[in-house]
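To start, the structure itself, in structure tokens.
The values are calculated or read from the model by the stated rules, or taken from the named source; none is laboratory data. Since the model is a prediction, treat every value here as computed from it, not as a measurement. As a convention, Cβ positions derive from the backbone with ideal geometry for all residues, glycine included, and neighbour counts pool all protein chains shown. With ligands, DNA and RNA removed, areas are computed over all heavy atoms of the protein, side chains included. Shrake-Rupley method; radii C 1.70, N 1.55, O 1.52, S 1.80 Å.
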Amino acid sequence: MEDMEEESSGLNDDHNHNYCENRASGQVHYLRTELSNEPQTLPIFPVLGTRDVAAQENHANICSRSSSGSKFVDSDSSSVNSDTSETDSASPASIAGKLTLNSASKFLMNAMTEEDYRTTYWPNLEKAIDHLLIQNPMDHISISYEQIYSYVYKCVCQQHSELLYKDLMLKITTHLQQVSSDLQIVPQGNFIEYFNIALTQYTDALQCIVPVFIYMNKFYIETKLNRHLREDLMKLFTDHVAEKHVNTLIPLLREAHSMPFQVRPSTMASVVKGLYTLRPDWAHLAPALFSGFIPQINPPTVESQLSDYAAHDQKLQMELSLNGFPRGDQSRKRASEESA
């Protein structure tokens with residue numbers, strides 16, 4: 001009798017004879033089935049950490065709701081329904097293996113291959129770069145800078161930085177070679193104006209291209225190449241456009257500078273300052289020209305050369321007078337007094 005009482009003390013009776021658990025014997029007793037009067041048992045497996053607490057709470061919920069005949073669902077969404085009397089129990093090792101497998105599967109699904117880069121990411125980036133390079137300031141082109149930045153971010157994170165950098169440089173090099181070819185057929189009378197358009201359009205495009213490629217610039221160009229993306233792109237314009245036409249451009253700028261208002265002053269200033277930004281040593285090709293737009297190009301003033309400076313100013317005033325810019329009436333007589 002005492003043995004039977006001790007044995008029954010490990011079972012929790014909910015007054016419907018549905019025994020739940022016997023921890024002393026290491027077994028879990030589930031509801032009676034319709035086919036058998038014997039409670040079915042399953043072994044208890046130790047579960048680490050918070051999953052053990054969750055399993056205990058789940059058992060308590062099963063026992064408390066057993067009298068209502070409701071269906072039971074384990075805390076994990078992938079558990080077996082409680083309609084059946086048999087449930088699967090997994091060991092911690094198998095659970096950890098399943099989580100590792102799922103993580104690896106997600107990583108493989110999100111991985112970008114070179115084929116994905118060539119077929120999906122780069123074509124979209126190339127199309128956006130084309131729009132930025134050839135856009136007219138008067139035209140409105142709808143471009144999602146957020147999407148471009150997202151593509152660049154994914155390419156860099158998936159270890160395609162070098163490939164992306166090479167494709168970008170090749171794309172812009174091809175564009176600048178076409179710009180240089182177009183300038184070769186421009187008449188000399190319009191060459192300064194068209195060169196200014198090409199330079200201004202390119203620098204405006206860089207103000208959009210450099211920011212959206214900033215992630216590649218930070219984690220590849222600055223880190224591995226020790227350079228900056230904008231410097232590399234400006235060097236492309238120097239090598240493929242400006243350097244090929246500077247020998248044609250400088251004489252035209254000198255001529256335009258000697259004849260005021262032959263070319264708009266804003267255009268002259270833009271071209272001269274642009275050339276100086278691309279390569280400062282070009283100022284030595286025409287010091288008088290560059291000194292009119294760039295401060296401190298000429299050497300400092302020397303007292304012994306003051307007479308030379310005065311002679312230069314007199315010569316400039318004479319040239320302006322001969323070109324139709326009179327100095328005006330230098331007398332102190334008023335025009336109204338002459339008629340009187």
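Considering each of Ile297, Ile221 in turn, give the residue that is over 21 Å from Gln178 (Cα atoms), buried (at least 16 other Cβ atoms within 10 Å of the Cβ) and either modelled with pLDDT under 90 or in contact with a strand residue (DSSP E or B) (Cβ under 6 Å, 6 or more places away or on another chain) (or both). Walk me through how you get there before you give the answer.
Values: Ile221 fails: either modelled with pLDDT under 90 or in contact with a strand residue (DSSP E or B) (Cβ under 6 Å, 6 or more places away or on another chain) (or both).
Of the residues listed, the single one that is over 21 Å from Gln178 (Cα atoms), buried (at least 16 other Cβ atoms within 10 Å of the Cβ) and either modelled with pLDDT under 90 or in contact with a strand residue (DSSP E or B) (Cβ under 6 Å, 6 or more places away or on another chain) (or both) is Ile297.
Considering only residues that are free of Cβ contacts under 8 Å to residues at least 60 places away in the same chain and in a helix (DSSP H, G or I), which ones fall in the stretch 269-284?
Scanning the stretch 269-284 gives Ala269, Val272, Lys273, Leu275, Tyr276, Thr277, Leu278, Pro280, Asp281, Trp282, Ala283, His284.
Within the stretch 169-183, restricting attention to residues that are open to solvent by 20 Å² or more (accessible area, probe 1.4 Å) and in contact (Cβ under 8 Å) with a residue 60 or more places away in the chain, which residue is nearest to the chain's Cα centre (by Cα)?
Met169
Open to solvent by 30 Å² or more (accessible area, probe 1.4 Å), within 22 Å of the chain's Cα centre (by Cα) and touching a residue at least 60 places away in the same chain (Cβ under 8 Å), is that true of Asp232?
Answer is no for this residue.
Among residues belonging to the stretch 300-323 that are of a type in the set (A, V, I, L, M, F, W, C) and open to solvent by less than 80 Å² (accessible area, probe 1.4 Å), point out the one that is farthest from Pro287 (Cα to Cα).
Leu320
Please enumerate the residues belonging to the stretch 247-283 that are surrounded by fewer than 17 Cβ atoms within 10 Å (Cβ to Cβ), of a type in the set (A, V, I, L, M) and under 34 Å from the mean Cα position of the chain (by Cα).
Correct list: Ala269 only.
Can you find a residue in the stretch 212-230 that is within 29 Å of Gln159 (Cα to Cα), among the charged types (D, E, K, R) and outside any helix (DSSP H, G or I)?
Yes, that holds for at least one residue.
Which condition number does Lys166 fail, the rest of (1) open to solvent by less than 30 Å² (accessible area, probe 1.4 Å); (2) more than 14 Å from Phe237 (Cα to Cα) being met?
(1)
Could you tell me whether any residue of the stretch 185-193 is open to solvent by less than 30 Å² (accessible area, probe 1.4 Å) and of a type outside the set (A, V, I, L, M)?
Yes, that holds for at least one residue.
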